[in-house]
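Enquirer: Here's a structure for you.
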Amino acid sequence: MKFVVGDIHGEISKLKNLIYNIFVIDKYPNFIFIGDYINKGENSKKVLDYLVEFKNEFTDTIFLMGNHEYYYIQYVKKGICKDKLIKYGVETTFKDFNMSFDNIKEKLYLPYRAIFDNLKLFYETDEYFISHAGISLDSVDKDFNILSADKFLFNRYEFFNYKKKIHNKISIFGHTGFNYPYYDGYKIGIDTAAVYTKENRLTAYCLEENFFINHKNEKLYLKDMKLDRTPWINRKEPYRMEKKNE
């Protein structure tokens with residue numbers, strides 16, 4: 001079975017627990033990671049180390065780009081997004097890698113090029129369109145060419161209000177942290193704000209069997225979700241960070 005894993009943000013302990021729970025269910029799963037592996041959380045270096053080993057062992061694993069990976073790539077390649085790295089990474093990721101702005105390329109980018117150079121903006125199956133922050137057909141051309149990476153990485157409220165399927169497929173997205181999984185008949189939100197509180201879950205979604213599972217081994221089937229309920233969007237300060245960030 002294929003499992004789509006929500007935003008990790010350095011939460012290595014929750015990630016290991018979630019992966020363990022999935023392997024209990026399925027000895028031969030495939031994985032799609034939806035992006036935002038770093039910044040804000042427990043230890044971003046340990047997450048990337050784990051994911052590199054994971055990629056080496058499970059070669060069919062798909063890694064999507066999140067906006068937080070985008071910030072580092074843009075800084076290394078173009079010298080931009082420094083303000084975002086200060087806002088989200090200095091207190092956590094910079095410490096995890098013992099790095100400064102002078103050696104991000106040597107400390108973070110080059111050792112993990114197996115991840116960074118193979119990040120995709122989206123992934124499709126027969127039933128699902130999967131991207132980090134969602135996408136609307138209004139923001140791409142008729143052939144679905146990528147007009148701007150921003151469209152796949154920074155959507156939030158505009159996409160949240162988008163009530164259409166993408167090529168007749170349900171969208172699966174992260175980026176917007178809910179307190180529990182979101183579903184409105186058109187799209188599925190699997191970022192359950194794992195980095196924001198100790199109690200919040202890290203969640204994955206099983207494409208074939210249509211259920212959510214989290215790091216606490218709680219399972220929820222899509223058919224049991226009420227479409228008229230909107231989970232609270234968690235925009236509070238990540239509990240491991242000292243200063244307040246959006």
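Enquirer: Taking the stretch 169-191, which residues are of a type in the set (Val, Ile, Thr) and either touching a Ser or Thr at 6+ places or on another chain (Cβ under 9 Å) or touching a residue at least 60 places away in the same chain (Cβ under 8 Å) (or both)?
Expert: Matches in the stretch 169-191: 172, 188, 190.
Enquirer: Do the conditions hold for residue 28, that is, is it crowded, with 21+ Cβ neighbours inside 10 Å, outside any helix (DSSP H, G or I) and of a type outside the set (Gly, Ala, Ser)?
Expert: When the stated conditions are applied, residue 28 does not pass them.
Enquirer: Restricting attention to the stretch 31-50, report how many residues are out of contact with any His (no Cβ under 7 Å at 6 or more places or on another chain), crowded, with 22+ Cβ neighbours inside 10 Å and in contact (Cβ under 8 Å) with a residue 60 or more places away in the chain.
Expert: Qualifying residue count, the stretch 31-50: 3.
Enquirer: Also, quick follow-up: Which pairs do you get when a residue that is more than 16 Å from residue 132 (Cα to Cα), found in the stretch 104-122, comes within reach of a residue that is in a loop (DSSP other than H, G, I, E, B) and polar (S, T, N, Q), reach meaning Cβ atoms under 9 angstrom, with the pair 6+ apart or on two chains?
Expert: These pairs meet every condition: 107/98; 107/100.
Residue by residue, here is whether (1) surrounded by fewer than 19 Cβ atoms within 10 Å (Cβ to Cβ); (2) closer than 17 Å to residue 153 by Cβ holds:
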{"site": "54", "(1), (2)": "yes, no"}
{"site": "71", "(1), (2)": "no, yes"}
{"site": "79", "(1), (2)": "yes, no"}
{"site": "82", "(1), (2)": "yes, no"}
{"site": "101", "(1), (2)": "yes, no"}
{"site": "104", "(1), (2)": "no, no"}
{"site": "112", "(1), (2)": "no, no"}
{"site": "128", "(1), (2)": "no, no"}
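Quick note: the coordinates plus some simple rules give every number you see, no bench work behind them. In this text the structure is predicted, and so the values were computed from the model without any measurement. In this analysis, Cβ positions are derived from the backbone assuming ideal geometry, glycine residues included, and neighbour counts consider all displayed protein chains.
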